[in-house]
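Worksheet for the structure shown next.
Coordinate-derived values only; no laboratory data. Remember, predicted model here, so these are calculated numbers, not experimental data. All Cβ positions, glycine included, derive from the backbone under ideal geometry; neighbour counts span all protein chains shown.
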Amino acid sequence: MKKNSVFPFVAIIGQEKLKRALILNIVNPKIGGVLIFGEKGTAKSTAVRGIEKIVADIKVIDLPLNVTEDRLIGGINIESAISKGIKELEGGILKRANNNILYVDEVNLLSEHIVNCILGASGVNKIEREGLSEEHDCQFILVGTMNPEEGALRAQFLDRFGLYVEVKGCNKALERVEIVKRRLAYEKNPIEYERLWDDEEEILRSEINRAKELMKKVQVKEQAINLAAQLANSANCDGHRGELVLIETAKAIAALDNRNYVNSEDLKEAAELALPHRIKEASKQNNEKKDEKDSEEELEENNSEKEEKGSEEDENSLSEDAQGDEQQEEEKSQLENEENENQPEANNEKEEENHEDSSNLDGNLKEDIFDIGKVFKVKNLNIKIKDNKKREGSGKRTKTKSNTSQGRYIKYKQSKDKVVDLAFDATIRSAAVHQKFRKHNANTAIVIKKSDIKEKVREKRTGATILFVVDASSSMGANKRMTAVKGAIMSLLTDAYEKRDKVGMIAFRKDKAEVLLNVTRSVELAQKQLKSMPTGGKTPLGYGIQKAYEVFKACEKKDKDIVPVMVLVSDGRVNYHGNSKEPLEETLKIAKEIGEKNIQSIVIDCEQSFVKLELAKEISEALKGDYYKIDDLKADEIASAVRNFV
């Protein structure tokens, strides 16, 4: 196989959406790149490397997973420092990536520190090293591939990718056979095989170049902007990057289609690529469908050319009258449906309140034990470390600085006492600039002083200590809600086992909080306690989170390296705190105190009533924690939302 040989981009079978996303980024680099999500062996890397041959003026710059900060951002030029005694900055990978593709294979395995460097280099890369300062343009198309089995990306980094494509292997026998044949033919004679596809590559190259020129003339009308904003809003996207990427992608689609205007179909196609990784929940989409439809019709009217204007006005007038009648009928029907739907929910709410009130009057009310509901795959909860401690722990949950010689080398620091883990490269760079002024003898090539010595800073993955604080009061038993809650907790426990976390469980009900399971690695013990956990009585939520804090303090005495995470599962309807007449206020006070500690809190809201009080959200804010609704935990919720979105 010849050097730098690449399997032809146009010879890749299937993966049309992936190829489309890469081409759109070449036509319009303002889109911001693409995240390629999928199983191994699906031509992810092959497609990225193949696009380089199509476009001569863009190169693919690889970013290794073990890259250091100096190599990424830039640092002192050692050759100039040693030979000339001159301090001179040398550009890093980000400088080479300017106006090119920055490609990261298995991007979800990147060090958190390197991720922060990439996020910080937005448009301009600033280098501050050994008393020198420099900056350079840093505009690149960020392309990353990831295998879902290896974990997820944090939200900020995920949003940095303009587009998102999920790829799967071909499931048709004939296609799989053809894939194998093409690969074998390529490996037998790469040069000859590439020549077979020269004509098709030239056609694609011409289309891309024509589209890049047309991009300058593409117009985006106000109706298109309105539709883009509605699409992003219905996806409940954070910030405004969603609609901006939508518009830039739609412009590239229009240019490839040889048009100088954006229509609704362009935005629909763009939404399938730009919004999947930004969707937060699908519940708002139905509320926006009518507005989207109106905007689409208005956009199509402006883009189409009508010859007979007078006839058009009459037709529009009739259409508006008909649409107005239809809209009135639709609103009337919708109102009747809402009334019918709300009636049973209101009854359920009344039943729940009666159920809880009766339990408050009688502390000896019969207790219920619910089965564990459906277990599902949990999406990433973004568990993070709130301190800068170095740890020796092991696990797969989150990255932490390591105080051993194990782990990935991410940066260096000045050595203070005894050197344990020498950063050889950083030490040489520090000493190099002083060699011209230091005395050498026949046996020394470079003179190193104590002030030059640098130590490595490493990071590794560690497990968390997760305490499940579960609301077992009567309100959780209404409508058999506890069955679903137990299913969600069991799903979280399964995820904790896979990440090598330690787990414990606290239940609060009646007038106390009780430790059902001390911190352990045994998920089986947790499952047994969860299955037999009774439900009934009042809701002393403040006692529950206070007990969790006490358990964490006891754990820290035994192991200073723990990463404490409290998972509160409740509807937040506090109604008891000793003799206090304001149990909610007392609970919020305790929550605020715990929120100031180095404990990450995750609040899972189980409220499903017609009238939403959102007390769990208020408690989450007091804890400075992350807030989820119970349905948001499901990993397949995002995929489902994408399928139903457009």
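Quick look at the numbers
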item: Proxy reagent accessibility, fewest Cβ within 10 Å first, across Thr483, Thr539, Thr42; result: Thr483, Thr42, Thr539
item: Summed residue charge, Cβ within 9 Å of Glu201's Cβ, Lys/Arg positive, Asp/Glu negative; result: -3
item: Net length gained if the chain between Glu222 and Ile448 were fully extended (0.36 nm per residue, minus Cα distance); result: 74.9 nm
item: Top positive-direction residue, dipole computed over the range 9-192 with Cβ charges, set Leu18, Asn108, Asn147; result: Leu18
item: Unsatisfied cross-links (Cα-Cα over 21 Å) in the set Lys53/Lys268; Lys19/Lys40; Lys528/Lys558; Lys126/Lys251; result: Lys53/Lys268; Lys528/Lys558; Lys126/Lys251
item: Ranked by how many other beta carbons lie within 10 Å on average, peptides 564-575, 106-117 from highest; result: 564-575, 106-117
item: Spin-label pair Ala173/Asn209, simplified geometry with 7 Å Cα→Cβ offset, distance in nm; result: 4.4
item: Which of Ile446, Ile26 has the fewest Cβ neighbours within 10 Å, and the rest in rising order; result: Ile446, Ile26
item: Residue order, fewest to most surrounding Cβ atoms within 10 angstrom, among Arg96, Arg278, Arg160; result: Arg96, Arg160, Arg278
item: Extension gain from Lys612 to Glu585, taking 0.36 nm per residue of separation minus the Cα-Cα distance; result: 7.9 nm
item: Distance between modelled label sites at Ala155 and Ser80, nm, 7 Å Cα→Cβ extension; result: 4.3
item: Lys, Arg +1 and Asp, Glu -1 on Cβ, resulting dipole of the range 108-240 about Cα centre, debye, nearest 20; result: 420
item: Full-extension gain in nm, Asp631 to Arg96, via 0.36 nm per residue minus C-alpha separation; result: 188.2 nm
item: Pairwise FRET efficiency - Asp199 versus Asp257, Cβ, R0 = 25 Å, nearest 0.05; result: 0.65
item: Sparse-neighbour loop sites [chymotrypsin sites (Phe, Trp or Tyr not before Pro); the range 563-627; at most 16 other C-beta within 10 Å; DSSP]; result: Phe610
item: Rounded FRET efficiency, nearest 0.05, which uses the C-beta distance separating Asp57 from Leu132 and R0 of 41 Å; result: 0.85
item: For Leu142, residues with placed amide H under 5 Å, excluding near neighbours; result: Gly33, Val34, Leu102
item: Rough spin-label spacing in nm, given labels placed 7 Å along Cα→Cβ, for Gln414 and Asn189; result: 6.5
item: Net dipole in debye of the range 482-580 [+1 Lys, Arg Cβ; -1 Asp, Glu Cβ; about Cα centre; nearest 20]; result: 220
item: The range 9-192 - percent relative contact order, Cα under 8 Å, separation 6 or more; result: 32
